[in-house]
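The values are calculated or read from the model by the stated rules, or taken from the named source; none is laboratory data. Keep in mind the model is a prediction, meaning the values are calculated, not measured. Glycine also receives a Cβ, built like all others from the backbone with ideal geometry; neighbour counts cover every protein chain displayed. Just the protein is used for accessible areas: all its heavy atoms, side chains included, with ligands, DNA and RNA removed. Shrake-Rupley method; radii C 1.70, N 1.55, O 1.52, S 1.80 Å.
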Amino acid sequence: DGTVAGGMGGFPGKGEATGSMEIGWWLTPAHWGKGYTTAGLRAMVDVFFGEQGYMRLWAPVMHRNTASGRVAEKSGLIHEGVARSHYLKGGVRYDQLNYAITRTDWIAGR
């Protein structure tokens, strides 16, 4: 109907982080559970590695956002670690889960 359902994109690394990209996504609740985010993220990963030549993509995910963690994993990203008490939301501290995929991982999974 022409309304925005969500978005995704990336922030390229600079300096020593050149060749890496922080990626992120969001989707309105009305569209959750339909596979849109996973399909979009897989396509975005293909573009960043295949067309733009990035070497590493990483995604920070708030610990309580289990759906985004599942999207990351279904899209080939691997859970790398936890940044404890990273987020502050509504006066509560939450951990950040870090997911990533390298160009080597992407090639091996194709």
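Taken over the stretch 28-38, residues that are assigned to a loop (DSSP other than H, G, I, E, B) and among the small types (Gly, Ala, Ser) amount to 2. Applying a threshold of 7 Å to beta carbon distances and a minimum spacing of six or more residues, or different chains, the list of pairs starting in the stretch 34-45 at a residue that is over 9 Å from Ser75 (Cβ atoms) and ending at one that is polar (S, T, N, Q) is empty.
Filtering the stretch 6-27 down to residues that are outside any strand (DSSP E or B) and open to solvent by less than 90 Å² (accessible area, probe 1.4 Å), which residue is farthest from Ala67 (Cα to Cα)? Before you say what the answer is, go through the steps one by one.
In the first step, residues of the stretch 6-27 are kept if they are outside any strand (DSSP E or B); the result is 13-19.
Filter once more, so that each one left must be open to solvent by less than 90 Å² (accessible area, probe 1.4 Å): 13, 15, 17, 19.
Numbers: Gly13: 26, Gly15: 32, Ala17: 28, Gly19: 27 Å.
The selected residue is Gly15.
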